[in-house]
Ligand code: NAI
C-alpha cells in the first residue's frame with residue numbers, strides 16, 4: 001500500500017492533465033487507469049484516431065477534387081485501408097506513449113487496473129488499497145445506448161467500432177447528426193461509402209448557430225452525405241445481408257426504413273461511473289447520472305473531487321483539461337479557475353466548424369441588444385487560393401459596449417481561428433480591439449478581423 005497526496009482516477013485529458021499539474025505543484029500523485037494505454041477515450045478511441053482518419057481522407061479528397069485544378073495531374077491515390085488504420089494506430093501509440101513519458105518525467109505512479117473508492121481517502125485497485133488525502137474522479141463517459149439497438153461494434157458500431165472497421169463499408173447509416181456522426185460520416189463518405197444521416201431534430205449539430213447549421217448541411221450534402229431530418233430512429237434489424245434501420249418521420253408519423261452495411265450510433269454520450277462505488281459512498285449524482293460537484297469540483301464527500309465528462313457541462317476534452325489543471329491548483333492551495341463562458345467547440349470536418357460564447361438564439365432569449373459582424377471566406381485571398389472559400393465568420397458583440405459575446409465560424413482551420421476570439425473574450429475585448437489588431441496577409445485569420453470590422457464601420461473586402 002502506498003500513500004499519496006492525490007490519486008486521480010482515469011487518465012483521459014481530464015485525469016492525466018490533472019495528475020501532471022498536481023505533480024508539478026509538488027503533490028505526490030498517482031493515476032489509476034484500467035486500459036492498456038494512457039490517454040482515455042480521447043487518445044485511444046476518440047479525438048486522436050478520428051483526426052488521423054479525417055486527415056488521411058481529407059488528403060484523398062483533395063487529390064480527387066483539387067489536384068488537377070492546380071495542374072497536379074495523374075490518378076488520385078487508391079486506398080489501402082489496412083495501412084490507413086496502421087497509420088491511425090501509430091498516431092495513437094505515439095500519443096499514449098507520450099503521456100507515459102510525461103508521467104515518468106513528473107514521477108507520477110500509474111496504478112494499472114480499475115479503481116473503486118471503498119471509503120474516504122482510499123482507492124482500491126485489484127487487491128490493493130492505496131491511501132490519498134484527495135481523490136479526483138476523472139472517469140469520463142461512454143456512448144449512450146439507444147433502446148432496441150444492440151451495438152456489436154461490427155455491424156452496429158459506436159465511434160469505437162467505426163474507427164476500426166474491418167473493411168470500408170459500402171453504405172453507412174449514421175444515427176444522430178452531432179459531432180461524432182458528422183466527423184465519422186465525412187470520413188466514410190470520402191472513402192466512397194453512401195452515407196445517410198438520420199437526425200431526430202429538424203436541424204443538424206444542436207447548439208450551433210442556425211446559419212452555420214444550414215450552410216454546414218449544404219456543404220456536407222455537396223460532399224455526398226444524405227440527411228433525413230426529423231427522423232426518430234427506433235430499431236435496427238441485423239438479420240439480413242445489410243442492416244435495416246427503422247425510423248419514424250416526425251412530421252407525418254410515417255414508418256420508414258433504410259438499408260445499410262454498417263450503422264453508426266452517435267446519439268450522445270453518458271457519464272461513466274460504473275464500479276467506482278459512488279452509491280455506497282453516498283456521492284450525490286444528478287438525474288442524468290453525472291457526479292454533482294460544488295465549488296472547486298468538490299463532491300458532497302470530503303476529499304473527493306470530480307472533473308470532465310462525468311460531471312455537468314460540455315463533454316469536451318479541453319473542458320476536462322481545464323478542470324484538471326484547476327482542481328490540481330485548488331489541491332495545492334492555489335486558486336484554480338475555469339471560465340465556462342469561454343469554452344470553444346469544434347467539429348473537425350472539412351471545412352471545420354467552430355464556436356465560442358453565445359449564439360444569436362441565446363442572446364435573443366436573454367433580451368440582449370447585440371450586433372452581428374459577418375464576413376465570407378469568399379473575400380479572403382488565401383481561402384480562394386486554397387479552394388477553401390466556402391464558409392463565413394460571424395462575430396456577435398454587445399450593441400452598446402462592442403464587447404465580444406460570441407463567434408461562429410465555418411471555414412478553413414476554423415478550429416484554430418476561433419482561439420483569437422477566445423483570447424479576446426478572456427481579456428474582455430471589444431470587436432474594435434480585434435479589428436484594430438494587425439493581421440498578417442494573406443492568412444485565413446484576416447477573415448476574423450474582417451468580421452470584427454463588420455461589427456463597426458464595415459469590412460474592407462466585402
Ligand atoms: P451529440 O450530442 O453531439 O449528437 C447526438 C445527436 O443525435 C443529436 O443531434 C440528437 O438529436 C440525435 N439523436 C438522439 N437520439 C436520436 C434518435 N433516436 N434518432 C435520431 N437522432 C437522434 O452526440 P455525439 O455526436 O454522439 O457526441 C457525443 C459527445 O462527444 C458530445 O458531447 C460531443 O461534444 C463529444 N465529441 C466531441 C468532439 C469534438 O469536440 N470534435 C468529437 C466527438 C465527440
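The values are calculated or read from the model by the stated rules, or taken from the named source; none is laboratory data. Please read these numbers as outputs of a predicted model, since none were measured by experiment. Ideal geometry is used to build each Cβ from the backbone, glycine not excepted, and the neighbour counts take in all protein chains shown.
The residue that is farthest from the chain's Cα centre (by Cα), among those in the range 195-211 that are surrounded by 17 or more Cβ atoms within 10 Å (Cβ to Cβ) and either more than 14 Å from the ligand (Cβ to nearest atom) or assigned by TED's automatic domain parsing to the domain that holds residue 350 (or both), is 195. Checking 296, 337 one by one, the residue that is more than 29 Å from residue 183 (Cβ to Cβ), at pLDDT 95 or above, away from the ligand (no atom under 16 Å from the Cβ) and in contact with a strand residue (DSSP E or B) (Cβ under 8 Å, 6 or more places away or on another chain) is 296 and no other. Restrict the check to the range 385-406 and report whether at least one residue is touching a residue at least 12 places away in the same chain (Cβ under 8 Å) and under 17 Å from the mean Cα position of the chain (by Cα). No.
For beta carbons closer than 6 Å, sequence separation of 6+ or different chains, a first residue in the range 13-24 that is assigned by TED's automatic domain parsing to the domain that holds residue 325 and assigned to a helix (DSSP H, G or I) and a second that is buried (at least 24 other Cβ atoms within 10 Å of the Cβ) and at pLDDT below 95, there are no qualifying pairs. Inspect all residues belonging to the range 360-370 and state whether any of them is within 16 Å of the ligand (Cβ to nearest atom), on the phi < 0 side of the Ramachandran plot, outside the structural domain of residue 295 (by TED's automatic domain parsing) and not in a strand (DSSP E or B). Looking through the range 360-370, at least one residue is within 16 Å of the ligand (Cβ to nearest atom), on the phi < 0 side of the Ramachandran plot, outside the structural domain of residue 295 (by TED's automatic domain parsing) and not in a strand (DSSP E or B). Applying the criterion of at least 2 residues that are under 23 Å from residue 319 (Cβ atoms) and within 16 Å of the ligand (Cβ to nearest atom) to the strands (runs of 3 or more DSSP E) found wholly in the range 96-189 leaves 141-143. Filtering 425, 378, 413 for residues that are within 16 Å of residue 341 (Cα to Cα), outside the structural domain of residue 212 (by TED's automatic domain parsing) and touching a strand residue (DSSP E or B) at 6+ places or on another chain (Cβ under 9 Å) leaves a single hit, 425.
Under the condition of being assigned to a loop (DSSP other than H, G, I, E, B) and within 10 Å of the ligand (Cβ to nearest atom), the residues counted in the range 212-233 number 1.
Looking across the range 63-76, the residues that are surrounded by 12 or more Cβ atoms within 10 Å (Cβ to Cβ) and without any contact (Cβ under 8 Å) to a residue 24 or more places away in the chain come down to 63, 64, 67, 68, 76. Apart from one condition, residue 321 fits all of (1) away from the ligand (no atom under 12 Å from the Cβ); (2) surrounded by fewer than 22 Cβ atoms within 10 Å (Cβ to Cβ); (3) within 14 Å of the chain's Cα centre (by Cα); the exception is (2).
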